[in-house]
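Peer 1: Starting off with a structure, shown below.
Bear in mind these aren't lab numbers, they're just calculated from the coordinates by the rules spelled out. Keep in mind it's a predicted model, so treat the numbers as computed, not measured. Heads up, the Cβs are rebuilt from the backbone with ideal geometry, glycines too, and the neighbour counts pull from every protein chain shown.
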Amino acid sequence: MSVDLPAINPKDLIKIFENEGWQIQRRANHDLAMSKYFNGKNHITIIPMKDKSMPKRTLMAILGIKQTQIGRERFLELYRMLKSIGFIFQLNNSECEPILVSINFFPSILYISSKSGVIWHSRCC
C-alpha cells in the first residue's frame with residue numbers, strides 16, 4: 001500500500017531539490033527551472049511557483065522518471081526528514097561544513113551549520 005503524497009508548497013520542494021544537488025537555472029514570474037547532471041545527461045525540471053500547495057499530479061510528474069527521477073519513496077523520505085527537523089534551510093558553502101558519513105548503511109553527506117547548529121544530510125552515492 002502506497003502512502004499518499006503530502007501537500008507541499010513550491011518553496012519547500014525547491015529546498016528539498018537543492019539539498020539533493022539540483023541547481024536553480026532560471027527564475028520567472030510563474031515558474032522556476034532547476035537542473036542536475038546525472039546518468040550522463042543534464043536533466044531540467046520546471047517548478048510552478050504558486051502561493052498554494054502543489055497539485056498531486058504535478059508533483060508526481062516532477063518526481064517521475066522523465067524529470068527528476070526522485071520517485072515517491074525517496075521524496076517521502078526527504079519530506080519526513082524535513083518534518084523531523086522542523087524546517088529546511090538552504091545550504092550555503094560559507095555557512096555549512098560537509099562531512100562524509102554512513103547513515104542507515106547509505107553513504108551520505110552530513111552538513112552542519114556553524115551559525116545555527118542545524119544538521120541536514122543528503123545521500124551522496
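Peer 1: How many residues are surrounded by 14 or more Cβ atoms within 10 Å (Cβ to Cβ) and within 22 Å of Gln25 (Cβ to Cβ) if we restrict to region 62-73?
Peer 2: 7
Peer 1: Something else about it: In region 1-43, which residue that is of a type in the set (A, V, I, L, M) and touching a residue at least 60 places away in the same chain (Cβ under 8 Å) is nearest to Lys56 (Cα to Cα)?
Peer 2: Taking the candidates together, the pick is Leu5.
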